[in-house]
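Asker: Below is the structure I would like to discuss, written out as structure tokens.
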Amino acid sequence: MLRDTGLLSDTLGCLWGGDRSVNLAPLIGLEKASRFTPDAFAGMVDGWLDELAVEPQRDGLWHSLYVTVRHGTLPNPTAERLDEILRRLNIDALIESDHLLLIPLMELSVRHRSDRESIAAQIYRWAEGVDTGDRPTPAFREQFGADATHVFCTRLIDWLHTLAARHPEDPDGEFARLLDGLIQRSRILAAELRGPLTNIARHMPFSRHRALRRTLLAARARPGPAIGKASPQGPERKEQLTAARRKKRRKSRGGR
């Protein structure tokens, strides 16, 4: 209920699209429904931004802001204020203090930061960290277990796609360009991309995936992770492989 659906275009005229208070009024009354008007949401967002401008470490406010504005289009003054706050953030330090801020901060950044290249550079740094084993963080690994590296890589790719979607003229070409940068920086990300890009090349018309076909060729040409380095599933996968080798050796001894 915290999501401001008034920020969405609602071109299909959905039941819960547009001004939510209109649909809620017959159910809960005008007074209570007034809390869900676009003006009420705008007041909450402005208040949160006032506080975050002074105390950006307020994690609860970032979560509330993310839930409320999410995929919506903010009015220019509000968007500029959010952009200014995000530009001054030390994202790495905030995420280190609370790993649950990773998704809210990055989702807001890829949608509302005016300097898209700086966000792409941040994603590329994390991609390099995947190959060295520095990313994902221990807290992220604890949260997602054996799938942590795969989930983290998927997030990086999704965020680049959101950045590319903001390109005014050629989002497909921009996505291919951003993925090329990802492939150059990480063998593991290149391996993660081969399957999805192959599916796109097989099932979409050539005119729609021309740029991504070149990216697929680049991903295929990138050597896989070196033996002894982080694999697409991270250190957990190494332990699984080691256990499998031990089991195989025990079987071979028993067959002699």
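Asker: By counting other Cβ atoms within 10 Å of each Cβ, how are 157, 119 ranked from fewest to most?
Answerer: 157, 119
Asker: Mind sorting 45, 54 by how few other Cβ atoms lie within 10 Å of their own Cβ, fewest first?
Answerer: So the residues, fewest neighbours to most, are 54, 45.
Asker: If I stretch the segment between residue 55 and residue 167 completely, what's the gain in nm (0.36 nm per residue apart, minus their alpha carbon distance), one decimal?
Answerer: Fully extending the segment from residue 55 to residue 167 adds 37.2 nm.
Coordinate-derived values only; no laboratory data. Since this is a predicted model, take the numbers as computed values, not measurements. Cβ atoms come from the backbone with ideal geometry, glycine included; neighbour counts cover every protein chain shown.
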